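Working notes, structure below.
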Amino acid sequence: MMKILHTSDWHIGQQFYNHDRAEEHLAFFVWLAEMVKAHQPDALLVSGDVFHTGMPSAASRKLYTDSLLKLHEACREMQIIVTAGNHDSSSFLEADGNLWDLARVKVVGHFMRPEDHVIRVMRGEEIVGYVVALPHSYPQNIPVLVDGAERADRLGAFAKEAVSGIAQDGLPVVLMAHTTVSGFDFSEKLESVGTIDTVTLDSFGEGFDYMALGHIHMPQSVVDGSRMARYCGTPIPIGFSEDFGHSVSLVSLSQRGELPVVEELAFEGTVPVKTVPFHPVGLDETLDYIAKHPFSEKTYVRVQISSKTYLPMDSADRVAKAVAEAGGLYCLIKLVRTDEQSDASTVSSMDVSELREADPLDIACRYYQEKHHLELGDELKEMLKQVCEDLKA
């Protein structure tokens, strides 16, 4: 029996619309250490996006190192495995790799030889299972194991090669990856997914029992025969679409070829996110709504306002004051245009995080439609698509 705690997408250092989240992350790490102490897992897996940016602040780095050491103290025999996500700097994460070995922490930021990604999980002198730890990488950056292999197939081919080298001893195998796998519901997370390529579960082949995924922020699983692939989700909400429960996953694996058992350990210390009012109305009606519906707890607030024209210059100040008086933490106004030629899907109604993470081609199409009230032609779409592909190559 191998027992693991699966977590991902910490996003340490995120500034949430000028609100510092260090206190929330600290609360999560204190709670996570309690979970480690209570459950004594054989391994703690962090499937990418440790930090929110590739160059985290000194305070964020200290919170990370202090927290990993406390997790190690909570269970000294536990193996901690950290992989890089698309938000992370692989080189930065790996810089202190030799020192982390002293605390049973293995950091994987870059692709190496397939066999070098196989980590034996030990309980004393006994091997209890294996973890194949793969960092995030764009398809063009993954080593080509077979000449002529399509870019979309490289991650799966690399995983197959690594898994194939594991001893046939019946012990369970876990595969870590930070990518978008088809078959999951991530419709509510498109603003955080960006343009990362999607791969199929079948492309990873057989030979593993549990796939510990990161990148999609909503907890969910897909079962395929005796194996399971799972996104454990974020410990705290990263955007306004994430008004769902947040947790880490406690996974028990008996032996190779048996379906793992998953228990969600809910983290209740999050600061909730809320968009008000649910149906956007005008500025004055919105201010009246906020005054009549105070917040029962500390809450990040996005305010929706509908308007045919631009809002007055002092709108943000008035809304921020109203939210503060109602006990909330003001973040931004989401303007929903109500004129005949535009709707809630236009560029002007997108918030900063949506604009930053959206597909560039989609942004271009929306902008053209809003500017000229016409659909972008197929020829122009194809040209822009090719430019985007060339930039990613």
Practice item. Rank Met122, Leu93, Phe111 by how far each Cα sits towards the positive end of the charge dipole of region 27-156 (+1 on Lys, Arg Cβ; -1 on Asp, Glu Cβ) and give me just the farthest. Key: Leu93
Review point. Under the definition of Cα pairs under 8 Å and six or more residues apart, what whole-number percent is the relative contact order of the chain?
Key: 13 percent
Check your understanding: What distance in nm separates the simple spin-label points at Thr338 and Asp169, each placed 7 Å from Cα in the Cβ direction?
Key -> 6.8 nm
**Study point:** If the convex hull is drawn through the Cα atoms of region 21-105, its volume per residue in Å³
**Key:** 83 Å³
Exercise for review: Can you figure out the FRET efficiency of Leu26 with Asn98, using R₀ = 25 Å and their beta-carbon distance, to the nearest 0.05?
Suggested key: 0.40
Revision key, fill the gap. If the chain between Asp362 and Ser226 were fully extended at 0.36 nm per residue, the gain over the current Cα-Cα distance would be 45.1 nm
Practice item. Would you mind computing, in nm to one decimal, how far apart the modelled labels at Thr309 and Val261 are, each placed 7 Å from Cα along Cα→Cβ? Key: 6.6 nm
Exercise for review: Provide the solvent-accessible area of Ile4, counting protein heavy atoms only and rolling a 1.4 Å probe, rounded to the nearest 10 Å².
Suggested key: 0 Å²
Point to revise | Ellipticity estimate at 222 nm from DSSP helix runs (n ≥ 4, -39,500 (n - 2.57)) divided over the chain, nearest 500 | key: -8500 deg cm²/dmol
Review point. Counting only Cα, what are the radius of gyration and maximum Cα-Cα distance Dmax of region 229-343, in Å?
Key: 19.6, 64
Review point. At 10 °C and 1.306 mPa s, what whole-number value in µm²/s does Stokes-Einstein give for the translational diffusion of region 102-259, with Rh from the Kirkwood sum over Cα pairs?
Key: 96 µm²/s
Review point. If one computes the Cα centroid of region 200-265 and of region 66-99, what distance in Å separates the two points?
Key: 20 Å
Exercise for review: Choose one of Val199, Ala152, Leu259: the residue whose Cα lies farthest towards the positive end of the charge dipole of the chain (beta-carbon charges +1 Lys, Arg; -1 Asp, Glu; about the Cα centre).
Suggested key: Leu259
Review point. How much accessible surface area, in Å² rounded to 10, belongs to the heavy atoms of Leu384 with a 1.4 Å probe?
Key: 60 Å²
Exercise for review: Determine the gain in length on full extension of the stretch Lys37-Met55; use 0.36 nm per residue of separation and subtract their C-alpha separation, reporting nm with one decimal.
Suggested key: 3.4 nm
Study note, to complete from the structure: If one builds a Gaussian network model of the chain from Cα atoms under 10 Å apart, the most fluctuating residue listed among Ala320, Ala59, Ala103 is Ala59
**Study point:** Estimated distance in nm for a label pair at Cys388 and His279, the labels positioned 7 Å out from Cα along Cα-to-Cβ
**Key:** 3.4 nm
Practice item. Multiply the residue separation of Asp116 and Arg76 by 0.36 nm, subtract the distance between their alpha-carbon atoms, and state the gained length in nm to one decimal. Key: 12.0 nm
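The values are calculated or read from the model by the stated rules, or taken from the named source; none is laboratory data. Small disclaimer: the values here were computed from a predicted structure and weren't measured. Reconstructed Cβ throughout: ideal geometry from the backbone, glycine too, with neighbour counts over all protein chains shown. SASA here: full protein model, heavy atoms, side chains in, ligands and nucleic acids out. Shrake-Rupley method; radii C 1.70, N 1.55, O 1.52, S 1.80 Å.
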